[in-house]
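Enquirer: Below are the structure tokens for one structure; questions will follow.
The values are calculated or read from the model by the stated rules, or taken from the named source; none is laboratory data. What you are looking at is a predicted structure, and each value in this text was computed from that prediction instead of being measured. Neighbour counts are summed over all protein chains in view; Cβ atoms, including those assigned to glycine, are modelled from backbone coordinates with ideal geometry. In case anyone asks, the SASA skips ligands and DNA or RNA and just uses the protein heavy atoms, side chains included. Shrake-Rupley method; radii C 1.70, N 1.55, O 1.52, S 1.80 Å.
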Amino acid sequence: WDNYPGIANQWNFHEVWFNNTNKTYTLKVNGQTLRNNASWSAGTFNFDYLWLVGWDAGGVSPLRMTTWIDDVYVDKTLSRVMLCNNANYSSAAQCEMQIPQGSWSDSQLQILVNKGGFANNASAYLFVVDSDGVVSSSKQITFNGNALPVSAPSPQGLFIK
């Protein structure tokens, strides 16, 4: 990709949203928007293989490229819970997707904390994104020596395991 904001030989966080009705997609890498509502109306997407979701070298004669993919999460909604390294979601350079556990409603949800690349004793900021893509205000958490936070003041109704 031209102007790829990722860092070679390091883990990079990719978020991709496809709108099949409008034939558009949005792609973010490490919180930076690379494509926003880009059209694919001239062609078709075949979602049979994970590498087709934007992690290929592209072009007619692509350069050789090795890609490692981990923690893949696919859903049919923009709703999600994120832990990021910045109190301002749009300025975060490191985020970790949090997988919901059990039911999720407007008044409560539950997650099992995925510390991911955050160091022991690090602080992170918790965000809840609703189905319209609206991001909540941040809530700071601090990790102890394992994957569970020491403290987690949370958005209303958010239970943290």
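Enquirer: Determine whether T21 is open to solvent by 40 Å² or more (accessible area, probe 1.4 Å) and over 18 Å from the mean Cα position of the chain (by Cα).
Expert: Details: open to solvent by 40 Å² or more (accessible area, probe 1.4 Å): yes; over 18 Å from the mean Cα position of the chain (by Cα): yes.
Spelling it out, T21 is indeed open to solvent by 40 Å² or more (accessible area, probe 1.4 Å) and over 18 Å from the mean Cα position of the chain (by Cα).
Enquirer: Specify the residue that is most open to solvent (accessible area, probe 1.4 Å); the eligible residues are those in the stretch 114-139 that are out of contact with any strand residue (DSSP E or B) (no Cβ under 6 Å at 6 or more places or on another chain) and among the aliphatic types (A, V, I, L, M).
Expert: Step by step, filter the stretch 114-139, then rank; the result is V134.
Enquirer: Would you check which residues across the stretch 126-159 are part of a strand (DSSP E or B), modelled with pLDDT under 80 and aliphatic (A, V, I, L, M) and list them?
Expert: Scanning the stretch 126-159 gives V150, L158.
Enquirer: To continue, here is another question. What number of residues within the stretch 53-84 satisfy the criterion of being in a loop (DSSP other than H, G, I, E, B), at pLDDT 65 or above and not aliphatic (A, V, I, L, M)?
Expert: 12
Enquirer: I'd like to know if the stretch 101-110 contains one or more residues that are modelled with pLDDT under 80, within 17 Å of Y73 (Cβ to Cβ) and exposed (fewer than 12 other Cβ atoms within 10 Å of the Cβ).
Expert: Within the stretch 101-110, one or more residues are modelled with pLDDT under 80, within 17 Å of Y73 (Cβ to Cβ) and exposed (fewer than 12 other Cβ atoms within 10 Å of the Cβ).
Enquirer: Quick one: S123 ticks every box in (1) at pLDDT below 85; (2) of a type in the set (S, T, Y); (3) under 19 Å from the mean Cα position of the chain (by Cα) bar one, so which box is it?
Expert: The number of the failed condition is (1).
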